[in-house]
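Q: Mind looking over this structure? Questions follow.
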Amino acid sequence: MQIVHISAECYPVAKVGGLGDVVGSLPRFQNELGHDACVIMPMYRSKYLYTHDWEVVHKSSSNLGHWWFDYTVIKEKSNAQGFHLYLVDINGLLDREKVYGYEDDVERFCAFQIAVSNWLCSWDKLPSVVHVHDHHAGLIPFIMQHTYSFKRLEYVPTVLTIHNAQYQGAFGWDKTMYLPHWDSWKRGMLEWQGTINPLASAIKCAWKVTTVSNSYLGELTSMSNGLEPLFEYEKGKCSGIINGIDYKVWDPENDKYLTENFTVKTVSTGKAKNKEILCKQFGLDFNKPLFIFIGRLVGEKGADLLPKVIYDSFQHIGRKMNFLILGSGDPEVESAVSLLKNFSQGDFNEYIGYNEQLSHLMYAGADFLLMPSRVEPCGLNQLYAMKYGTVPVVRRTGGLKDTVVDMGERDGYGITFNHASVGDITHAIYRSVELYHQKETFNNIRKNMMELDFSWSRSASEYIQLYQSFY
Ligand code: ADP
């Protein structure tokens, strides 16, 4: 099958969160199953662009309302990622340093989707399936089915994968001229609550919709930022497929970001060496259990609760542990986290920003990973943590619920709690500190977790089975 993935992110070209990780690995595993999967994404001014060789494969032009633009599609020459990687260059719109966060994001991603549809239309043989990811590529199923210029794509099967339904990319009808001329009877396929909503449109138009875990799919019918009735109505074509992790990138034995690699056999000494480096770098106490948080500092991740949780833990449990936070996001949360440093007695530190290398060192050196998420579609951090022998301390929601079994249950290996509340999280930290001091149990849990299989092989074949249902 020829599978075309369309996405705003793809690791290592551009990654903001889990979407990048998934699109950067799933296609390679689909190719390993004997298929021909590729990725099409915008050409940002990323480091990857300047450190790889490219060839031009297509040049053309199209229009965004009254504005005609030229676009160029380039392909990475060496197939370095294990799949064909195509970047779409639109001068003045996509060639920016960041992926998102610009005032003209609507124009940027509309133009990208138009250029991609335009290019696909020119292919001699159309793909077997077009797989779009999140709202930035969400208008493509509509464009393929209901716009006059792209009729040739009408019967190509489409799949939408929702990595995060909180972000929907909605914009006003005043921008309707950005869409290629469409069948006005199909207005309802774009509309949601008075706006053009790309995610809602993709849910309506895609042949199949997947979310990145089963529990998250269940939660979306009652909590999806306004789309609840739509998920209820379309549930017949929705299913959950849990993400895998790419063990080529995330394996403590071969991790190129680590100076001290380790295996299941050497987990105790290996993790201790990494913890030592980390504690030295951040002025923390090696002898206390180390709790980390890695991620976007936003309410969705429960990051706003962290300052109070840390303060309360020190008050109620005592200064028996270290905390280290890596992340960026809401300025208010960032500054609340930074302010905590004033109370540190060598047991708290933070790094505000994005740092891939540090994240690997933290998974390797920490004892516990905190994830008090309010919403967690799949969550990759807990899967990485487990592979690196770090015990996940997570809220029972979405993908966290599907992947972490509390140590109190049979064959359990993590610590879970029910509510994104300071009390519940602090109690989970208390349980973790207790576990840390039961050296034998703690070590066995680490080893068991490292041997769990969260590889892509199973999930990649589930996607293939889904595509095969179209034929
Ligand atoms: P999200 O909702 O952000 O997509 P996921 O758990 O699915 O959450 O994926 C998060 C990914 O982003 C993980 O690979 C995590 O290690 C990484 N990540 C998040 N924030 C940072 C950061 N500040 N520095 C380095 N890596 C980060």
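The values are calculated or read from the model by the stated rules, or taken from the named source; none is laboratory data. Predicted model, so just to flag it, every value in this text is computed and none were measured. Please note: Cβ atoms are built from the backbone with ideal geometry, for glycine as well, and neighbour counts cover all protein chains shown. SASA here: full protein model, heavy atoms, side chains in, ligands and nucleic acids out. Shrake-Rupley method; radii C 1.70, N 1.55, O 1.52, S 1.80 Å.
Q: Which ³J(HN,Hα) values, rounded to whole Hz and listed in residue order, are derived for region 158-166 from phi using the Karplus coefficients 6.51, -1.76 and 1.60 in 6.51 cos²θ - 1.76 cosθ + 1.60 with θ = phi - 60°, glycine and proline given as x?
A: Here the 3J(HN,Hα) series is 10, 10, 10, 10, 9, 8, 6, 8, 5 Hz.
Q: In addition: Please turn the phi angles of region 16-26 into ³J(HN,Hα) values with the Karplus equation 6.51 cos²θ - 1.76 cosθ + 1.60 (θ = phi - 60°), one per residue in order, whole Hz, x for glycine and proline.
A: My calculation for region 16-26 gives 10, x, x, 3, x, 4, 5, 5, x, 10, 3 Hz in order.
Q: Follow-up question, since we're still on this one. Between beta-carbons, use under 15 Å as the cut-off and find the net charge around R96, counting Lys and Arg +1, Asp and Glu -1.
A: -4
Q: Continuing with the same structure: Within 10 Å of each candidate Cβ there may be at most 15 other Cβ atoms; applying that plus a DSSP loop requirement, which trypsin sites (Lys or Arg not before Pro) in region 248-281 survive?
A: Hits after loop and neighbour filter: K248, K256, K265.
Q: Hey, another quick one. Which loop-located GluC sites (Glu not before Pro) does region 139-243 contain, where loop means any DSSP state but H, G, I, E or B and the Cβ has at most 12 other Cβ atoms within 10 Å?
A: E154
Q: Here is a follow-up. Which one of S62, F323, I114 has its Cα pushed farthest toward the positive end of the charge dipole of the chain, where Lys and Arg give +1 and Asp and Glu give -1 at the Cβ?
A: F323
Q: Hey, what number do you get for the chain at 222 nm if only DSSP H runs of n ≥ 4 count, each worth -39500 (n - 2.57), divided across all residues, to the nearest 500?
A: Calculated at 222 nm, the ellipticity per residue is -10500 deg cm²/dmol.
Q: Return the long-range amide H neighbours of I245 (sequence gap of 5 or more, or a different chain), with a cut-off of under 5 Å between placed amide H atoms.
A: Amide H to amide H, under 5 Å and 5 or more residues apart or across chains, I245 pairs with S455, W456.
Q: On a 0 to 90 degree scale, rounded to 10, what angle separates helix 267-282 from the longest Cα axis of the chain?
A: That helix lies at roughly 80 degrees to the long axis.
Q: Give the Rg (one decimal place) followed by the Dmax (whole number) of region 61-101, computed from C-alpha coordinates and expressed in Å.
A: Rg and Dmax of region 61-101, Cα atoms, are 12.9, 39 Å.
Q: Using a simple charge model, +1 on the beta-carbon of Lys and Arg, -1 on the beta-carbon of Asp and Glu, nothing else, what dipole does the chain show about its Cα centre, in debye to the nearest 20?
A: That gives the chain a dipole magnitude of about 500 debye.
Q: When all C-alpha to C-alpha distances in the chain are sorted into bins of 20 Å, what percent of pairs does each bin hold, rounded to whole numbers?
A: With a bin width of 20 Å, the distribution comes to 24, 54, 21, 1.
Q: Here's something else I'd like to know. Taking R0 as 45 Å, what FRET efficiency do you get between Q193 and T259 from their Cβ-Cβ distance, rounded to the nearest 0.05?
A: Here the calculated transfer efficiency is 0.30.
Q: For region 267-450, what does the accessible surface come to per residue with a 1.4 Å probe? Please give it in Å².
A: Per-residue value: 38 Å².
Q: Report, to the nearest 10°, how far helix 356-365 tilts away from the longest principal axis of the Cα atoms in the chain, using its own Cα long axis and a range of 0 to 90°.
A: 30
Q: Output the peptides 402-411, 122-131 sorted from most to least packed, where packing is the average of other Cβ atoms within 10 Å over each peptide's residues.
A: Answer by packing, highest mean first, reads 122-131, 402-411.
Q: Further question on the same structure: Looking at the P(r) of region 190-274, how many percent of alpha-carbon pairs lie beyond 19 Å?
A: 56
Q: For H84, what accessible surface area do you get with a 1.4 Å probe? Give it in Å², rounded to 10.
A: Taking all protein chains as shown, H84 has close to 60 Å².
Q: Another question, if that's okay. As a quick test, which of the pairs K59/K151; K208/K401; K47/K447; K47/K401; K125/K387; K77/K237 have an alpha carbon distance above 32 angstrom in this structure?
A: Result: K47/K447; K47/K401; K125/K387; K77/K237 exceed 32 Å.
Q: Further question on the same structure: Order these peptides, 87-99, 33-45, by their mean beta-carbon neighbour count within 10 angstrom, highest first.
A: Sorting 87-99, 33-45 by mean packing, highest first, produces 33-45, 87-99.
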